[in-house]
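J.: Next up is a structure, given as structure tokens.
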Amino acid sequence: MAGNGSKGNSSKIWSAFSLGSALLAAAAAKKVLTTSWRAATGKNPPANPADPDVDLWEAVLWAAVSGTIVGLARMLATRRAASYYTRSTGKLPPELAADDQDADSAEPAQA
């Protein structure tokens, strides 16, 4: 019975750890993106790319670049957090333990 509580605690620790690292990475990426955008264009990035007053090219470029960079930063931060968690506990975080990436164990594609 003690094992179940331990698993629940490690899951909560991992959730908090991964969320914190992802949020920090996203905030840092946004700061770098904003600074880079200002340097490249001479103006602030669009606050709301969906606003019709924002040029379409600017809205599309900002959405594509910021989405890609923030997503990559979050993924890399989560991977780093998982690596640290694994070194600390000797096992993968509960949510990452079964990723089913092996082709042999994948379900066949359905048409």
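J.: What nm value, rounded to one decimal, do you get for the distance between Gln110 and Leu24 when each label is placed 7 Å out toward the C-beta?
T.: Distance between the two pseudo-spin positions: 4.3 nm.
J.: Would you kindly state how much longer the chain becomes between Thr41 and Trp57 on full extension, computed as 0.36 nm times their sequence separation minus their alpha carbon distance, in nm to one decimal? The partial results should precede the final answer.
T.: On the way: separation 16, 0.36 × 16 = 5.76 nm, distance 1.26 nm.
Length gained between Thr41 and Trp57: 4.5 nm.
J.: If you don't mind, another one. Run the reach check for Lys12 against lysines, Cα to Cα strictly under 26 Å, same-chain hits fewer than 8 apart removed. What comes back?
T.: Here the lysines satisfying the reach criterion relative to Lys12 are Lys91.
J.: Then there is this: Hey, any idea what % of region 26-103's accessible area is carbon plus sulfur with a 1.4 Å probe?
T.: 58
J.: If each of Thr89 and Leu72 carries a label point 7 Å out from its Cα toward its Cβ, how far apart are those two points in nm?
T.: Each label point lies 7 Å from its Cα, and together they span 2.9 nm.
The values are calculated or read from the model by the stated rules, or taken from the named source; none is laboratory data. Since the structure is predicted, the reported quantities are computational estimates derived from the model, not experimental observations. Counting neighbours? That spans all protein chains shown, and the Cβs are built from the backbone with ideal geometry, glycine included. To get the accessible areas, we keep the full protein, side chains included, count just its heavy atoms, and leave off ligands, DNA and RNA. Shrake-Rupley method; radii C 1.70, N 1.55, O 1.52, S 1.80 Å.
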